There are 2 protein chains.
Amino acid sequence: MKELEERIAQEGRIIDGRIIKVDGFLNHRIDTKLLNRMGKEFYRLFGDLGVTKILTAEASGIAVAVIAAQYFDVPVVFAKKAKSDNIEGGLYASEIYSYTYNRKVTFLVSKQWLGAEDRVLIIDDFLANGEALRGLIDIVDMAGAQLMGVGVAVEKGFQEGGKRLRERGINLQSLAIIEGVEDGKFRFRQA
Amino acid sequence: MKELEERIAQEGRIIDGRIIKVDGFLNHRIDTKLLNRMGKEFYRLFGDLGVTKILTAEASGIAVAVIAAQYFDVPVVFAKKAKSDNIEGGLYASEIYSYTYNRKVTFLVSKQWLGAEDRVLIIDDFLANGEALRGLIDIVDMAGAQLMGVGVAVEKGFQEGGKRLRERGINLQSLAIIEGVEDGKFRFRQA
């Protein structure tokens, strides 16, 4: 998606050669207009698959997912990251390693809100090593639901996550794929 | 807001006489259509105040805030709850006590995304004791920004948070105010 690539090129920054910071429009400050156009693009990519539910993970996946869900006209379920008093038993749980926080994180989804009848689109803001998406896909499998696709806003193409998911035959579509950085400039994978 | 009261009456549950669970449409599974109508209602309540930014807190405030922000045509900034590698220096920080998690939580907002020029509407999903909102208001004050109002989806009117904020003269509007529960039925404050 050209507009997203342009915003990354203009505002994105690299920290420690590892973290791509786009918190001016995606991760901390949210540009709702851009997200709206991204939601429309996800609908163009996945809109004819009979999706019944969009699954994402808290926290920064929620914004992208709910805006996209308006086009699909389906509810969003977001995986919670820690057991709070607000979640009772009857949970799907999948443990992942968070490279952002350098610790294990458990995704929790109530069995009440995801089941075998669901056709699920996973949407997330970022894809790097793919741990978060692996955890969400685990939960779709545990529910016996059908995974229709995975939509990602920004993929770091120089890490292995996207490759691994595509090798598993998963219908993964990323709106922008960063191949690398040269002379401080982002290079994107061509469609 | 009648529709929200009806959904709470139909699907809400009380846990330990303390937690009101509405995770079928607001906190875990998100009913995007309902949120859309809630966003429109927030715009009706606050739309003429020249709001330039909507501030919320991760995680469950994000969905309500971004959907509402589409009507206001302004960006959302969400306070983060823990220091991750993705946030650099230059932060407003406010410590609150989370009754949901029974521990202290620090809200962080980058100084880059909130400043003295901003006219801020705070939106959150829940108001009980008001700790989360107190933390967000602190951050608006630290930024030297102007607080135009606070919009809440569900207020627990039998706890003190709402009263305290209104006594401070804050323009607080809640879409549904639960006064109490009698014989397992929710009682709402009349407008």
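Condition (residue is touching a residue at least 12 places away in the same chain (Cβ under 8 Å), assigned to a strand (DSSP E or B), over 30 Å from residue B:9 (Cα atoms) and within 10 Å of another protein chain (Cβ to nearest Cβ)) applied to region B:138-151: is it met by at least one residue?
Taking every residue of region B:138-151 in turn, none turns out to be touching a residue at least 12 places away in the same chain (Cβ under 8 Å), assigned to a strand (DSSP E or B), over 30 Å from residue B:9 (Cα atoms) and within 10 Å of another protein chain (Cβ to nearest Cβ).
Quick one: what pairs do we get from region B:14-29, first residue in a loop (DSSP other than H, G, I, E, B), second among the aromatic types (Phe, Trp, Tyr), C-beta under 7 Å, 6+ apart or different chains?
Partner pairs satisfying both residue conditions: B:28/A:78; B:28/A:113.
Does residue B:60 satisfy the condition of being within 9 Å of chain A (Cβ to nearest Cβ), hydroxyl-bearing (Ser, Thr, Tyr) and buried (at least 20 other Cβ atoms within 10 Å of the Cβ)?
yes
Would you call residue B:106 among the β-branched types (Val, Ile, Thr), surrounded by fewer than 23 Cβ atoms within 10 Å (Cβ to Cβ) and farther than 22 Å from residue A:65 by Cβ?
Yes.
Let me spell it out: the conditions are (1) of a type outside the set (D, E, K, R); (2) in contact (Cβ under 8 Å) with a residue 24 or more places away in the chain; (3) on the phi < 0 side of the Ramachandran plot; (4) surrounded by fewer than 22 Cβ atoms within 10 Å (Cβ to Cβ), and residue B:65 meets all of them except one. Which number is the exception?
Among (1) of a type outside the set (D, E, K, R); (2) in contact (Cβ under 8 Å) with a residue 24 or more places away in the chain; (3) on the phi < 0 side of the Ramachandran plot; (4) surrounded by fewer than 22 Cβ atoms within 10 Å (Cβ to Cβ), the lone unmet condition for residue B:65 is (4).
A quick yes/no check of all residues on (1) within 28 Å of residue A:16 (Cα to Cα); (2) modelled with pLDDT under 90; (3) within 12 Å of chain B (Cβ to nearest Cβ); (4) over 18 Å from the mean Cα position of the chain (by Cα):
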| residue | (1), (2), (3), (4) |
| --- | --- |
| A:83 | no, yes, yes, yes |
| A:111 | no, no, yes, yes |
| A:115 | no, no, yes, yes |
| A:124 | yes, no, no, no |
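Among A:45, A:49, A:55, A:26, which is the only one that is more than 9 Å from chain B (Cβ to nearest Cβ), closer than 23 Å to residue A:116 by Cα and within 15 Å of the chain's Cα centre (by Cα)?
A:55
Go through region B:26-38 and count every residue that is more than 14 Å from residue B:66 (Cα to Cα) and at pLDDT 95 or above.
So the answer is 1.
If we keep just the residues of region B:29-41 that are over 14 Å from residue A:62 (Cβ atoms) and under 15 Å from the mean Cα position of the chain (by Cα), which is nearest to the other protein chains (Cβ to nearest Cβ)?
B:39
The values are calculated or read from the model by the stated rules, or taken from the named source; none is laboratory data. All figures in this text were calculated on a predicted structure; none of them were measured in a lab. Every residue, glycine as well, gets a Cβ built from its backbone with ideal geometry; the counts of neighbours run over all protein chains shown.
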